[in-house]
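What follows is a short report on a single structure.
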Amino acid sequence: MPERRTVALVTLGCARNEVDSEELAGRLAADGWELVEDAADADVAVVNTCGFVEAAKKDSVDALLEANDLKDHGKTQAVVAVGCMAERYGKELAEALPEADGVLGFDDYADISNRLQVILSGGSVEAHTPRDRRQLLPISPAARQAADVALPGHAQAPAEEPAEAPADLPEGLAPASGPRAPLRRRLDKSPVASVKLASGCDRRCSFCAIPSFRGSFISRRPGDVLGETRWLAEQGVKEIMLVSENNTSYGKDLGDIRLLETLLPELAAVDGIERVRVSYLQPAEMRPGLIDVLTSTPKVVPYFDLSFQHSAPDVLRAMRRFGDTDRFLELLDTIRSKAPQAGVRSNFIVGFPGETEADFAELERFLTHARLDAIGVFGYSDEDGTEAVTYENKLDEDTIAERLAHMQRLAEELTAQRAEERIGETLEVLVETVVPFDEAEESEGAYGRAAHQAPETDGQVVFTDGTGLVPGRIVTAKVVGTLGVDLVAEPLDFDFEEAAG
């Protein structure tokens, strides 16, 4: 009998990393590894790191150190770093953090089982050597689909014909049904799952290092996206969220920049799927046809995760981005003219090199008028290898901290006001969590999300009464109050007898 090997995946960072972890889980399960939730119960703890900003990198290091401590207290024998931070720093991370028994890059994912087995057996695997992954794919987007490059979420190099799925795959494992369709194993029972639409980015924002370690933009083929969505629906998923570094570019390397407009209705038609959500949209690439599909297609939620970053023209140009306050407000007006209840969220950077007080005031003007449902604000920090590192006119840390605190307070106030505007609205809410009956309260607690709320990043809906509600059910509810950015809602016309049955 083969030796029992256990592994736990600890995921940090964005939804794209969550998909990558489930791909790793699929590969490991297919090779006989037993997946466990708690790293303390695993022979190997695999930490899927984030390498985007300083705070995320610190969280990744802390997670690796915490997992390493389990070697003294749990059954854990090895700790392995994967993900963006491992890809970005490789050997440098291995030298700085000897507690990690392995530092593996994206090229190691296809053979992850053997890599972990070598490490678990006391051997060593050479730490990943970082390289600019933009140089691995052809400059021409149209030539990228045939490239033999490891792409997390796309499986390995394309084949001439899709291989037949093995007949003996473990239960709950998605078969690799297409030339770039990865194995996948769900790591939770949430009714929501992310689906990777593409990888990499061709934009050259001066503050962002992601393209250097995620590579140039390459789309997944529509058939693979549809196949994975059908499998997720079979697993009980009700909502899928399409993720990538830039969803508005989807299809440009497949010969059709409007391919997303065609794909969305097909995804919405998959049996069992009740919601399709699109994240990571670039304002400069929004087009009328895409807005129309996002605001008028049944089951495709009118949700706009728009990467504004700033609104002062001079700052945006220094960021190598486009737009200004008035153009951004016009875009929001266009969206809301078609879907008044549409949800909009965005992230912003304050304290960018050269940002003047007038620029800061311009950003405040935009936020005050934009009526965003969710706002993330970050203080600028230098990122290795980015153009902005070389910029002059850097603001001092105290000024950045002061502007960050001011804008975070404003964002909290504005999003709370936006939530209050929704009092009286009738929403379709996906129930996600139900708390067992509380005798003191004489009711069950239940929480969910409306169409304008993405998982984890935005607010949630708190039901006034959770009796009879079950995760995965979509319930009509009326907003009767707010708790900051969260909405308090009363279920309407809910069939408790049907739910109990």
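The values are calculated or read from the model by the stated rules, or taken from the named source; none is laboratory data. Keep in mind that this is a model prediction, so the values were computed, not measured. Virtual Cβ from ideal backbone geometry, glycine too; neighbours counted across all protein chains shown. We work out accessible area using only protein heavy atoms, side chains counted, and drop any ligands, DNA or RNA first. Shrake-Rupley method; radii C 1.70, N 1.55, O 1.52, S 1.80 Å.
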Pairs with Cβ under 8 Å, 6+ apart, first in region 444-469 and touching a residue at least 12 places away in the same chain (Cβ under 8 Å), second hydroxyl-bearing (Ser, Thr, Tyr) and open to solvent by less than 30 Å² (accessible area, probe 1.4 Å): Ala451/Tyr303; His452/Tyr303; Ala454/Ser279; Ala454/Tyr303; Gly459/Thr415; Asp465/Ser443; Gly466/Ser443; Thr467/Ser443
Extreme residue, nearest to Glu456 (Cα to Cα), among residues of region 208-265 that are open to solvent by 40 Å² or more (accessible area, probe 1.4 Å) and of a type in the set (A, V, I, L, M, F, W, C): Ile257
May I ask you to say which residue of Glu444, Glu421, Glu490 is of a type in the set (Asp, Glu), touching a Ser or Thr at 6+ places or on another chain (Cβ under 8 Å) and either modelled with pLDDT under 95 or closer than 27 Å to Leu367 by Cβ (or both)? Glu444
Selection count, region 308-320, where residues are touching a helix residue (DSSP H, G or I) at 6+ places or on another chain (Cβ under 7 Å) and farther than 12 Å from Phe366 by Cα: 2
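Residues are listed down the side, and each one gets a yes or a no for (1) in contact (Cβ under 8 Å) with a residue 40 or more places away in the chain; (2) touching a helix residue (DSSP H, G or I) at 6+ places or on another chain (Cβ under 6 Å); (3) open to solvent by 10 Å² or more (accessible area, probe 1.4 Å); (4) among the aliphatic types (A, V, I, L, M):
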| position | (1), (2), (3), (4) |
| --- | --- |
| Asp72 | no, no, yes, no |
| Ala78 | yes, yes, no, yes |
| Val82 | yes, no, no, yes |
| Glu87 | yes, yes, no, no |
| Glu92 | no, no, yes, no |
| Glu95 | no, no, yes, no |
| Pro98 | no, no, yes, no |
| Ile112 | yes, yes, no, yes |
| Leu116 | yes, no, no, yes |
Which listed residue, of Ala312, Ala339, Ala370, is open to solvent by less than 20 Å² (accessible area, probe 1.4 Å), aliphatic (A, V, I, L, M) and within 24 Å of Gly251 (Cβ to Cβ): Ala339
What number of residues within region 118-135 are part of a helix (DSSP H, G or I) and either farther than 30 Å from Asp256 by Cα or open to solvent by 50 Å² or more (accessible area, probe 1.4 Å) (or both)? 5
Going through region 266-309 one residue at a time, which ones are open to solvent by less than 40 Å² (accessible area, probe 1.4 Å) and among the charged types (D, E, K, R)? Arg275, Arg277, Arg287, Asp305
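Okay, residues lined up against (1) open to solvent by 70 Å² or more (accessible area, probe 1.4 Å); (2) in contact with a helix residue (DSSP H, G or I) (Cβ under 9 Å, 6 or more places away or on another chain):
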position	(1), (2)
Phe378	yes, yes
Met407	no, yes
Glu412	yes, no
Arg422	no, no
Leu430	no, no
Ala450	no, no
Gly468	no, yes
Matching helices (runs of 4 or more DSSP H) fully within region 273-365 where at least 2 residues are within 30 Å of Thr390 (Cβ to Cβ): 313-318, 325-338
Any residue in region 412-423 that's free of Cβ contacts under 8 Å to residues at least 40 places away in the same chain: show its pairings with residues that are surrounded by 14 or more Cβ atoms within 10 Å (Cβ to Cβ) at Cβ separation under 8 Å, as long as the two are six or more apart or on different chains. none
Among the residues of region 34-42, is there at least one that is out of contact with any Lys or Arg (no Cβ under 9 Å at 6 or more places or on another chain), among the aliphatic types (A, V, I, L, M), under 20 Å from Pro98 (Cβ atoms) and open to solvent by less than 40 Å² (accessible area, probe 1.4 Å)? yes
State the number of residues belonging to region 189-207 that are open to solvent by 10 Å² or more (accessible area, probe 1.4 Å), assigned to a strand (DSSP E or B) and hydrophobic (A, V, I, L, M, F, W, C). 1
Could you figure out which of (1) open to solvent by less than 30 Å² (accessible area, probe 1.4 Å); (2) of a type outside the set (Gly, Ala, Ser); (3) farther than 24 Å from Ser212 by Cβ isn't true of Glu357? (1)
Has region 58-70 got at least one residue that is at pLDDT below 90, within 30 Å of Phe207 (Cβ to Cβ), basic (Lys, Arg) and surrounded by fewer than 21 Cβ atoms within 10 Å (Cβ to Cβ)? yes
Pairs only if they're at least six apart or on different chains, beta carbon under 6 angstrom, first in region 214-232 and farther than 13 Å from Leu267 by Cα, second among the basic types (Lys, Arg) and modelled with pLDDT under 95; list them, first residue then second. Gly215/Arg133; Gly215/Arg134; Ser216/Arg134; Ile218/Arg144
Filtering region 44-57 down to residues that are open to solvent by less than 10 Å² (accessible area, probe 1.4 Å) and either of a type outside the set (A, V, I, L, M, F, W, C) or within 23 Å of the chain's Cα centre (by Cα) (or both) yields Ala45, Val46, Val47, Asn48, Thr49, Gly51
